[in-house]
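Novice: Once you've had a glance at the structure underneath, I'll fire off some questions.
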Amino acid sequence: MKSIKVKAISFLFLLRSLSFEVQAAEYQVIENKAELPLVNPTFSERKIAKIQLKNGLQAYIISDPNAEKSAVAISIEAGSWQDPKEYPGMAHFLEHMLFMGTAAYPKENEYTSYILDHGGLVNAYTAPDRTVYMFSVNNPAFEGALDRFSHFFIDPLFSRSSIDKELHAVDQEHAKNIENDGWRAYMIFKETGNPDHPNAGFSTGNAKTLSGIPQDALKKWYEKNYSANRMHLVVLSPLPLEELTRLTVQDFSAVVNNQAAIEPIQEKMFSSSQIGHITYVKPIKDLRELSLSWELPKEFTSFEAEKYARLLAYVLENEDQNSFSAVLKREKLAENLSVQVNRMGKGQFLFDVNIDLTTYGVAQIDTVIHQFFQVISKLKLSGIPSLLYDEMNTLAQIGYQYQSRQAPFEYVMNYAHRMVDENLENFPEESLIKTTYNPKTMQEFLSLLSPQSGLIIVMADPKLTGVSLDKKEKWMNAEYAVKELPQSLLGACLDAKPHSQVQIPPANHFVPSSLTLVSSEEKAPLSPTVLSSDTGEKIYFIADNSYKVPEACLYFNIQTPAINGSAKAYVLADLYLTALQEKLSSTLFLAGNAGLHTGFGYSDFGILIKVQGFSEKAPILLKEIFSSLSHVTPSKEEFEIYRQMIARKYENNSKELPVRQASEILSHVLYNTSPTSAEKLQNAQELTYDQFLTFAQKIFKTSYVEGLLYGNLSETQASDLWASLKGELASQPFPPSEQMKKRILLLPEKHGPYRVVQTTERQGNGVILAIEEGSFSFEKRAAQQMLSTALHDDFFDTLRTKQQTAYIAQAWDQEVERELLQLFAVQSSSHEPMDLLARFELFLEDFLRNFEQKISKERFETMHSMLIHTLETPPENLQGMAERLFKIAFDYEGDFAWMEKRIEALKNLTYEKLFTFAKQNLSRQNHRRLAILVGGVTMPENTFHYETVAKDDVKEIGTYITWKE
């Protein structure tokens, strides 16, 4: 008997060995030359494999036992630049089509439903030279999700019925973008660019370019471009590395490799009508933007050479008092300056300088352009010191090695996108490889930035520029004009003398010098401590014993009677925060570059200040912020610039998509803390300098501070820090009994439902329906969350995919001030608001009528387990946990067992209780409904509505006929 057992074990071992050898023959291991260790201890057990399958597909596989979710992304080296000329938008359209069923899983949206039911996310996007697909999912569902995902690239159906449906979705997506200023400028860039470069094509496509597309054409393009040798896969899961490798080989070896060649693009993007010219663009919103762009030659598109472009961006963006940005602001020419090195595609780079101009700056565009070339002249003369190059590289390396966990979905998406550009053996560190600074290379890069080779775009109202616009872009009808760069300006820029005011920025004193952990304790439960609790403040301290990173999150909500919920108070708060951030601009810029980020905003009745990042110098930054709070005194000229800035922001809100305008109206109606943008605009236009100074002087005379000090600091450090900050603030107490409270409107139970109707000049229609589901209890919140999960998927599938009413169709739940809300929203370019609202109600009737089919008992169990797992899963990183803790501390009155109570209620939820909750709230028995209908401009080809007419008048409209002679 023993002999038989030994033989059986030996046979099994032999089978496994043979299996390993067979599988090993299906791929080759790529040597891993990435050597920088990740210091975050939660990554200590992470293992990496880099393989290339026999079919040419490359995979970067991450086994991470601490991963709370699994995630996968794949990048295919085929994007809109590969569109066939006869079908512009093909790549984007095909991206949509892959979600519509495969031979293995033929049901439309089956993949999406599976992912969502298992706590995941799903998306895709089409870029110029690549298309990226990604998902995340709860770990137990990973294998099923991976199998479904792999069939996108093995046996997609491309059914005729799905083609017709997604054609409408793509057209709705295009319609959504027509009045987006970013898209309009991009389309003009394409139209005026080199017609022989594929960037000139219409990348998104619409019904006109894709209508009647043969099924065979889609299949042929797919077969030509979706070849395994063009694919780059990222897999992240807690499963063992060997198992992940096996699954990758198992699921993706069937992807066909047709040896598709990836032909490099030799043409330049820019055309002769762009370089040496200024393109003037009329925006939809009130924008005043100046952009200067250069297309970089091939020799500056390697990772080593790219660093010189990024170094110049690092210098130009600096907000030191002697920086270019500071000079432009002092001279009242600009509001903001940013620089990007844009990788448009493999080996295709743009260096972009973007300047937000003041009204005065628009009138002085020539001066701004000339000053830019003076700065370049200055840098050519002085050079850029190597210490800044080393500083930039050091910060990049620190950011990589000390990275916090990211959400798996974003993590794999980013990695898959980057894999196209890097050699797998060095990935993901190729851009971090240390190199020696070469001043000569820097000079060569600076010499590229000449006025004759640059593209200049001015986006501003023609009334401000004085330029007559004589052209319209083909697909979005954006008005523009192209003018030669005036000879006088060209000459001045070519002969620009070094800028006398702009200086090389100093070293960044916020670069961390110590990244050690305060506590070495093992992972332990949270232990909140109240540092201070009286009529003037309530401050929590919580040490981090879970994430083990040298970071801290320091959050403060400073409530003040000066912010009382009125439109005028919020305008004053907006102005105050703008002036405060300008006062601190140099400090905030340096801290942000060194991994210490600051966020400012206003809460319902106060000012929010959040500092998060490396903990070592966070107290220094916070003290500087608090010491400035009582000294915000801009000049009258600066006040006027800020006032105009925020007034434009309020006015531009009226030009947002109709569904976003509907969202603002809904908030205004439901909450006592949400004045409309129109109300704020009126107050901004009437506000005086003296009124602002009075506000700034008294804003913190009386205050109540809610604070959270969380992360890599000791209780003693936290106490000392708060004592110091409290001294800087020096406020009188503002007792909770005197504070205003946020309130929510409760609709009557026996009247309604109600609708608010508004019009807009924007294209399309937006509708939001809010259904009030009663006051909070843990039991009802559990039912609401479960029901909303099912509604989210079914509403999208019904309104977008089946009925083809819109590109944006969303359903979600909210809990606000202990009241429960279920919301539905649609943005449509083809259906009238009342039609959309009627469809909402029909959807709800059908959902309830077919409840057992929509949520079977089997699906209930799947979703039930998924939601419990989701609530039990802690946030990915310290910042996510800080947001949760801050909310619990002050929205849930410090009940740190709140999540445990939510989980317990969810565990006790039954199928019968869910159905009862759904029937009580979604049926017509519940009249507590408020719909916001925002009707915009409908394009003639989409116009379809019934006109009201008297019965006798119909006789005059039509013609009586008969078939008889």
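Novice: What do you reckon, is Ile625 surrounded by 21 or more Cβ atoms within 10 Å (Cβ to Cβ), out of contact with any Asp or Glu (no Cβ under 6 Å at 6 or more places or on another chain) and free of Cβ contacts under 8 Å to residues at least 60 places away in the same chain?
Specialist: yes
Novice: Taking segment 401-416 only, how many residues are over 23 Å from Ser546 (Cβ atoms), in contact (Cβ under 8 Å) with a residue 12 or more places away in the chain and open to solvent by 20 Å² or more (accessible area, probe 1.4 Å)?
Specialist: The total comes to 1.
Novice: Moving on. Can you spot a residue in segment 925-945 that is more than 27 Å from Gly766 (Cβ to Cβ), exposed (fewer than 12 other Cβ atoms within 10 Å of the Cβ) and hydroxyl-bearing (Ser, Thr, Tyr)?
Specialist: Checked against the condition, which is being more than 27 Å from Gly766 (Cβ to Cβ), exposed (fewer than 12 other Cβ atoms within 10 Å of the Cβ) and hydroxyl-bearing (Ser, Thr, Tyr), segment 925-945 yields no hits at all.
Novice: Output yes when any residue across segment 371-394 is touching a Gly at 6+ places or on another chain (Cβ under 9 Å) and either crowded, with 20+ Cβ neighbours inside 10 Å or within 30 Å of Pro41 (Cβ to Cβ) (or both), and no when none is.
Specialist: Scanning segment 371-394 turns up no residue that is touching a Gly at 6+ places or on another chain (Cβ under 9 Å) and either crowded, with 20+ Cβ neighbours inside 10 Å or within 30 Å of Pro41 (Cβ to Cβ) (or both).
Per-residue answers, yes or no, for (1) closer than 28 Å to Asn32 by Cα; (2) open to solvent by less than 20 Å² (accessible area, probe 1.4 Å); (3) assigned to a loop (DSSP other than H, G, I, E, B):
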position: Pro65; (1), (2), (3): yes, no, yes
position: Val72; (1), (2), (3): yes, yes, no
position: Glu86; (1), (2), (3): no, no, yes
position: Glu95; (1), (2), (3): no, yes, no
position: Pro106; (1), (2), (3): no, no, yes
position: Tyr114; (1), (2), (3): no, no, no
position: Tyr125; (1), (2), (3): no, no, no
position: Pro128; (1), (2), (3): no, no, yes
position: Met134; (1), (2), (3): yes, yes, no
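Novice: Now for a separate question. Check Phe351 against each of (1) assigned to a loop (DSSP other than H, G, I, E, B); (2) closer than 23 Å to Pro486 by Cα; (3) of a type outside the set (Val, Ile, Thr) and name the one condition it does not meet.
Specialist: If we test Phe351 against (1) assigned to a loop (DSSP other than H, G, I, E, B); (2) closer than 23 Å to Pro486 by Cα; (3) of a type outside the set (Val, Ile, Thr), just (1) comes out false.
Novice: Taking the criterion of being over 26 Å from the mean Cα position of the chain (by Cα), crowded, with 18+ Cβ neighbours inside 10 Å and either over 30 Å from Ala396 (Cα atoms) or not aromatic (Phe, Trp, Tyr) (or both), would at least one residue in segment 589-599 satisfy it?
Specialist: Among the residues of segment 589-599, not one is over 26 Å from the mean Cα position of the chain (by Cα), crowded, with 18+ Cβ neighbours inside 10 Å and either over 30 Å from Ala396 (Cα atoms) or not aromatic (Phe, Trp, Tyr) (or both), which makes the answer no.
Novice: Residues that are open to solvent by 10 Å² or more (accessible area, probe 1.4 Å) and of a type in the set (Gly, Ala, Ser): which helices (runs of 4 or more DSSP H) entirely in segment 672-741 hold 3 or more of them?
Specialist: 715-729
Novice: Additional query: Yes or no: segment 602-619 includes at least one residue that is over 30 Å from Pro505 (Cα atoms), in contact with a helix residue (DSSP H, G or I) (Cβ under 8 Å, 6 or more places away or on another chain), surrounded by 20 or more Cβ atoms within 10 Å (Cβ to Cβ) and of a type outside the set (Phe, Trp, Tyr).
Specialist: yes
Novice: May I pose another question? What number of residues within segment 178-210 are open to solvent by 60 Å² or more (accessible area, probe 1.4 Å) and either farther than 18 Å from His92 by Cα or aliphatic (A, V, I, L, M) (or both)?
Specialist: Final tally of qualifying residues: 4.
Novice: Could we say that Ile213 is more than 19 Å from Ala73 (Cβ to Cβ) and open to solvent by 20 Å² or more (accessible area, probe 1.4 Å) here?
Specialist: It is false that Ile213 is more than 19 Å from Ala73 (Cβ to Cβ) and open to solvent by 20 Å² or more (accessible area, probe 1.4 Å).
Novice: Only residues that are open to solvent by less than 10 Å² (accessible area, probe 1.4 Å), touching a Gly at 6+ places or on another chain (Cβ under 6 Å) and assigned to a loop (DSSP other than H, G, I, E, B): list them for segment 288-338, please.
Specialist: The answer is Leu333, and nothing else.
Novice: For the structure I just gave you, tell me whether Glu664 is free of Cβ contacts under 8 Å to residues at least 40 places away in the same chain and farther than 30 Å from Asp544 by Cα.
Specialist: Against the criterion (free of Cβ contacts under 8 Å to residues at least 40 places away in the same chain and farther than 30 Å from Asp544 by Cα), Glu664 qualifies.
Novice: Does at least one position in segment 892-902 carry a residue that is in a helix (DSSP H, G or I) and buried (at least 21 other Cβ atoms within 10 Å of the Cβ)?
Specialist: no
The values are calculated or read from the model by the stated rules, or taken from the named source; none is laboratory data. Remember, predicted model here, so these are calculated numbers, not experimental data. Reconstructed Cβ throughout: ideal geometry from the backbone, glycine too, with neighbour counts over all protein chains shown. Surface areas here come from the heavy atoms of the whole protein model, side chains and all, with no ligands, DNA or RNA. Shrake-Rupley method; radii C 1.70, N 1.55, O 1.52, S 1.80 Å.
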